[in-house]
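Scroll down for the structure; my scribbles are underneath it.
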Amino acid sequence: MRIVCIGGGPAGLYFGILMKKADPDNEVVVLERNRADDTFGFGVVFSDATLDNLAAVDAETYQAITESFAHWDDIDIHFKGQVLTSTGHGFSGMSRKELLRILQRRAQSLGVDVRFETNVDDITAWLDADLVIAADGVNSGIRERYAEHFEPELDWRPNRFVWLGTTFPFGAFTFYFNKNEHGLFRVHAYRYAENSSTFIVECTEDSWKKAGLDQASEDETVAYCEELFKEQLAGHRLLENRSVWRSFPTVKNAHWHHGNVVLLGDAVHTAHFSIGSGTKLAMEDAISLRDALASHDSVEAALDAYEAERRPVVESIQRAAQVSLEWFENTERYMDLEPTQFAFSLLTRSMRVTHENLEVRDPAFVERVNEWVAKKAKEQTGLRLHIDNGRAPPPMFTPFRLRNLLLENRVVVSPMCQYSADDGTINDWHLVHLGSRALGGSGLVMGEMTDVSREARITPGCAGMYKPEHVTAWRRVVDFVHTESSAKIGMQLAHAGRKGSTKLMWEGIDEPLLRDNWPLIAPSPIPYFEHSQTPKPMDRADMDQVRDDFVRATGMAEEAGFDLLELHFAHGYLLSTFISPLTNTRQDEYGGSLENRMRYPLEVFDAVRKTWPREKPMSVRVSATDWAPGGLSLEDCVEAARMLEQHGCDILDVSAGQTVPYAKPRYGRLFQTPFSELVRLEAGIPTMTVGNIQSYADANSIIAAGRADLCVLARAHLYDPYWTRHAANEQGYEIDWPDQYKTVQRYTPRFK
Ligand SMILES: Cc1cc2nc3c(=O)[nH]c(=O)nc-3n(C[C@H](O)[C@H](O)[C@H](O)COP(=O)(O)OP(=O)(O)OC[C@H]3O[C@@H](n4cnc5c(N)ncnc54)[C@H](O)[C@@H]3O)c2cc1C
Ligand SMILES: Cc1cc2nc3c(=O)[nH]c(=O)nc-3n(C[C@H](O)[C@H](O)[C@H](O)COP(=O)(O)O)c2cc1C
């Protein structure tokens, strides 16, 4: 086979090595525009896991690489005069120059024809090879040449960074956060050889410009950074090597190959330097492509297989890289956290490392985090905690207070419509459904979306709070929860707005009823689907009526004994449609600016707050984004959160979307938690987070990192009403069983 690799970086060289090794008859040419020992940047990082992969593929390269390593286990986070160390991270650093030298030597020894100082301007001269590897790096000319086929997407990130070196021999992967009059400068530093370390300085574009670094020469950049990090560098100098300020592009491609040309390494994908995976990904691409060629008869089938195998792996790493780079773009937001929480937030930023992973790597560090969370919970609730007589509880099992409501732990059963009520009256199904979840150990159980009038329902099966029978029926559930469990119970009050008069969920979600419809109201006459009923735009009389319905239902909720009241401002129901600019096109004082769009929902909130007892808390569920062009922005959501907080809202339940049918949500693990964190830190209001919280590791991480105050789980609780009890059991933490079930305390469940 005749193979041409354009680019002699890790991807091109390693692929050349592997193909020559696979079959010495393969003719492999690597064309590299630079000289053999030109390289830019300083060190590269490999995790221990990556090295194991490399060992299995080419022992010689692995051997040579590992001989040149600086290995470390610790991460040191320098923050506000403290150094927080977390151990057990297992990384190795080496010089990029040395890595390339090893790969070049190995390639040449196997007979790869490596031609330096050969710039490929025009690929057509090489297209007669069987396979053309575009390993020409992040600015790949070949990718651009065939852009209409590869459909590349480059997301240039806003922060600026510069790659510097230093002789300071860091003993750990080190982070600094130094602030001066121009802003906050973050440093990512690690040792890669005896007296050589990489020193990456990163800041926002604003700080970069304020500091005049947009005009600075390399020498001036070095001088500025040496002055800023004088104390930490302890007399060591910073070194430059084409150290220009850059912004980072996240590179993605819709297609990875075209004809016999295939993209490898940075040309096809990048992963931010804060997760240090670029070189690993490039080398793993080479392994995957070699394997695909070995197991397929045609090049085309092999290229398809390569893309099919690598794409999900790369996308997963890019998702982790995205949250990691965003953490560094928004570090200013975390600067008011206390050092322990700041460090935990930094270490768990990509969601790959959780509270539980960290516990395996570094139990002492996690114990310190748990103690800190418990101390804060103790201050917040005034309770004595287990910390007083031994180990601190896992973060999810710390209590939380809202006004006079004391929650035993941070797990909440999310409101979930059961579509099983009769003219709003709930029945035995609801008693068993909510009762069993209350016995399941969560701190708070939320009743389903409960509608303030018959016309406010989504479907004929929805629960209501508009007839005296409703109080009686709900009171039965509330009393059961209060008498038989230690959970508290909340009611979610709502009006369905333009999403009303639709079928039961399992008969067609949001689909209009075929008969017995009731009239709909909304801020503007925009139907949900084209074939949905067009709602009547609300006039003042409608607004007064709905507000009064909410107030009446609030009085009934109090009568039924609920502990917390949540108003539904999310998911495209009535009050949410006032807030979203996509569903509110009013020209009066209730449409237009955010202030105007919030006016009516706040009128309802104020009227309800006046009726709901002062000592009981209120929450509001919001859709933080519409996930649609022209929809609610995150800045607007933060602003709306501030308004709600000023009006006496105690906690925001941060959900997202479902406001318009053409939304394009980005699902995934904890997909809405970043919104909760944003609101909590920027608007300064406690939050609940909801959406694909899958494990107790997630729940502990969220609470310890301050991404939310409460974790709300919906489907997890449908699957397992005892989710919290199971989480406790897994963590060796005990929560009380009801008297009737006390024998379980001496029972060990086994599923395998
Ligand atoms: C300064 C710096 C430091 C880094 N540090 C780390 C790190 O610590 N850990 C990590 O995992 N990753 C790191 N990375 C990222 C890592 O270097 C890349 O992800 C990795 O090198 C990708 O390998 P590659 O072979 O795809 O691309 P590259 O290493 O960029 O190689 C592409 C090669 O193609 C050559 N080329 C481009 N166009 C042509 C042409 N037209 N004709 C001929 N040759 C051409 C270039 O000269 C270059 O040598 C760093 C990157 C930089 C720039
Ligand atoms: C069956 C079902 C019914 C739901 N009903 C409601 C509801 O009444 N009110 C509400 O705000 N959200 C409702 N939701 C949304 C959930 O509360 C939650 O926000 C969503 O399912 C994401 O959480 P999860 O990933 O833990 O399931 C419902 C979800 C499900 C699965």
Open item on the list: Which numbered condition in (1) touching an Asp or Glu at 6+ places or on another chain (Cβ under 7 Å); (2) assigned to a helix (DSSP H, G or I); (3) of a type outside the set (Phe, Trp, Tyr) is the only one that Leu602 fails?
Closed with: (1)
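Quick one: count up the residues across segment 108-136 that are under 30 Å from Glu218 (Cα atoms) and either out of contact with any Gly (no Cβ under 6 Å at 6 or more places or on another chain) or part of a helix (DSSP H, G or I) (or both). Even if it seems obvious, please write down each step before you answer.
Restricting attention to segment 108-136, the residues satisfying the condition of being under 30 Å from Glu218 (Cα atoms) are 116-121, 135-136.
Next cut, either out of contact with any Gly (no Cβ under 6 Å at 6 or more places or on another chain) or part of a helix (DSSP H, G or I) (or both) only: 116-121.
Within segment 108-136, residues that are under 30 Å from Glu218 (Cα atoms) and either out of contact with any Gly (no Cβ under 6 Å at 6 or more places or on another chain) or part of a helix (DSSP H, G or I) (or both) number 6.
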Open item on the list: Anything in segment 406-420 that is in contact with a strand residue (DSSP E or B) (Cβ under 6 Å, 6 or more places away or on another chain) and away from ligand 2 (no atom under 12 Å from the Cβ)? List them, or say none.
Closed with: Leu407, Arg410
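Go through segment 1-83 and tell me which strands (runs of 3 or more DSSP E), entirely inside it, have 1 or more residues that are under 30 Å from Met335 (Cα atoms) and modelled with pLDDT of 95 or more.
The strands (runs of 3 or more DSSP E) meeting that bar are 75-79.
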- [ ] Determine whether segment 631-651 contains at least one residue that is under 23 Å from Ala377 (Cα atoms) and within 16 Å of ligand 2 (Cβ to nearest atom).
- [x] yes
TODO: Output yes when any residue across segment 695-707 is among the aliphatic types (A, V, I, L, M), within 27 Å of Ala640 (Cβ to Cβ) and either within 16 Å of ligand 1 (Cβ to nearest atom) or not in a helix (DSSP H, G or I) (or both), and no when none is.
DONE: no
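Which members of segment 163-191 meet the condition of being of a type outside the set (A, V, I, L, M), within 16 Å of ligand 1 (Cβ to nearest atom) and touching a helix residue (DSSP H, G or I) at 6+ places or on another chain (Cβ under 8 Å)?
Start the filter on segment 163-191 by keeping residues that are of a type outside the set (A, V, I, L, M), which leaves 163, 165-171, 173-183, 185-186, 188, 190-191.
Next, only the ones that are within 16 Å of ligand 1 (Cβ to nearest atom) stay: 163, 165-166, 170, 173-175, 186, 188, 190-191.
Answer for segment 163-191, where residues must be of a type outside the set (A, V, I, L, M), within 16 Å of ligand 1 (Cβ to nearest atom) and touching a helix residue (DSSP H, G or I) at 6+ places or on another chain (Cβ under 8 Å): Thr166, Phe175, Arg186, His188.
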TODO: Select, from Asp653, Asp626, the only residue that is part of a loop (DSSP other than H, G, I, E, B), among the acidic types (Asp, Glu) and within 18 Å of the chain's Cα centre (by Cα).
DONE: Asp626
Open item on the list: Condition first: of a type outside the set (D, E, K, R) and exposed (fewer than 15 other Cβ atoms within 10 Å of the Cβ). Now tell me which residues in segment 649-666 satisfy that.
Closed with: Pro661, Tyr662
- [ ] Would you point out which residue out of Ser95, Ser68 is on the phi < 0 side of the Ramachandran plot, within 13 Å of ligand 1 (Cβ to nearest atom) and more than 28 Å from the chain's Cα centre (by Cα)?
- [x] Ser95
Task: Number of positions in segment 668-686 that are closer than 12 Å to Ala640 by Cβ, free of Cβ contacts under 8 Å to residues at least 60 places away in the same chain and more than 16 Å from ligand 2 (Cβ to nearest atom) - done: 2
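Tell me, please, whether a residue that is polar (S, T, N, Q), touching a Lys or Arg at 6+ places or on another chain (Cβ under 9 Å) and either farther than 24 Å from Ser95 by Cβ or more than 13 Å from ligand 1 (Cβ to nearest atom) (or both) can be found in segment 258-274. Let's see the steps before the verdict.
Keep residues of segment 258-274 that are polar (S, T, N, Q), which gives 260, 270, 274.
Among the residues that remain, those that are also touching a Lys or Arg at 6+ places or on another chain (Cβ under 9 Å) are: 270, 274.
Add one more test, that the residue is either farther than 24 Å from Ser95 by Cβ or more than 13 Å from ligand 1 (Cβ to nearest atom) (or both), and what stays is none.
No, every residue in segment 258-274 fails to be polar (S, T, N, Q), touching a Lys or Arg at 6+ places or on another chain (Cβ under 9 Å) and either farther than 24 Å from Ser95 by Cβ or more than 13 Å from ligand 1 (Cβ to nearest atom) (or both).
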- [ ] Please tell me if Thr50 is without any contact (Cβ under 8 Å) to a residue 60 or more places away in the chain and away from ligand 2 (no atom under 16 Å from the Cβ).
- [x] no
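The values are calculated or read from the model by the stated rules, or taken from the named source; none is laboratory data. These figures come from a predicted structure and were not determined experimentally. Here the Cβ is made from the backbone with ideal geometry for all residues, glycine too, and neighbour counts use every protein chain on show.
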